[in-house]
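Shown next, in structure tokens, is the structure this report addresses.
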Amino acid sequence: MNPQARPLTGDDRSAAPAASARVTPGTVHRALSAGDPPSPCVSVCSIDAASGLCAGCLRTLGEIAAWSTLDAAARRSVWLAIARRAGIPAESVPGAPAGPFPSRPCRP
């Protein structure tokens with residue numbers, strides 16, 4: 001199994017507290033509402049060795065590498081995974097699908 005594509009645990013979000021503070025229900029809502037969701041990149045690119053997440057955007061290396069080839073639905077899935085990693089409850093994001101956010105990262 002590719003280490004960048006491993007399932008994430010609830011503790012993964014603690015590796016990037018600055019990114020968790022930047023990811024809000026509002027930013028997730030705007031991304032999910034866009035016809036073509038924007039990249040979550042904030043130009044703070046540093047992968048945490050323990051979690052495998054970018055400190056800036058909370059994406060995995062696999063999600064970062066695949067972003068340019070993902071369709072809008074897959075990009076929304078990445079944004080939902082980012083919200084989960086940031087500890088945002090699904091019910092706090094207007095327009096998010098019902099139920100919990102995905103527990104696995106996007107797999108291109």
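Does at least one position in segment 88-106 carry a residue that is under 14 Å from the mean Cα position of the chain (by Cα), among the hydroxyl-bearing types (S, T, Y) and modelled with pLDDT of 75 or more? No: segment 88-106 contains no residue that is under 14 Å from the mean Cα position of the chain (by Cα), among the hydroxyl-bearing types (S, T, Y) and modelled with pLDDT of 75 or more. Applying the criterion of being in contact with a helix residue (DSSP H, G or I) (Cβ under 7 Å, 6 or more places away or on another chain) and closer than 18 Å to D36 by Cα to the residues of segment 48-66, the residue that is surrounded by the most Cβ atoms within 10 Å (Cβ to Cβ) is R59. Candidates in segment 67-87 are the residues that are among the charged types (D, E, K, R) and more than 8 Å from the chain's Cα centre (by Cα); of these, the one that is farthest from C57 (Cα to Cα) is D71.
Just wondering, is there one or more residues in segment 29-41 that are modelled with pLDDT of 90 or more, more than 17 Å from A73 (Cα to Cα) and surrounded by 17 or more Cβ atoms within 10 Å (Cβ to Cβ)? No, the conditions are met nowhere in segment 29-41.
The values are calculated or read from the model by the stated rules, or taken from the named source; none is laboratory data. All of these numbers come straight from a predicted model, not from anything done at the bench. No Cβ is skipped: glycine too gets one built from the backbone with ideal geometry, and neighbour counts run over all protein chains shown.
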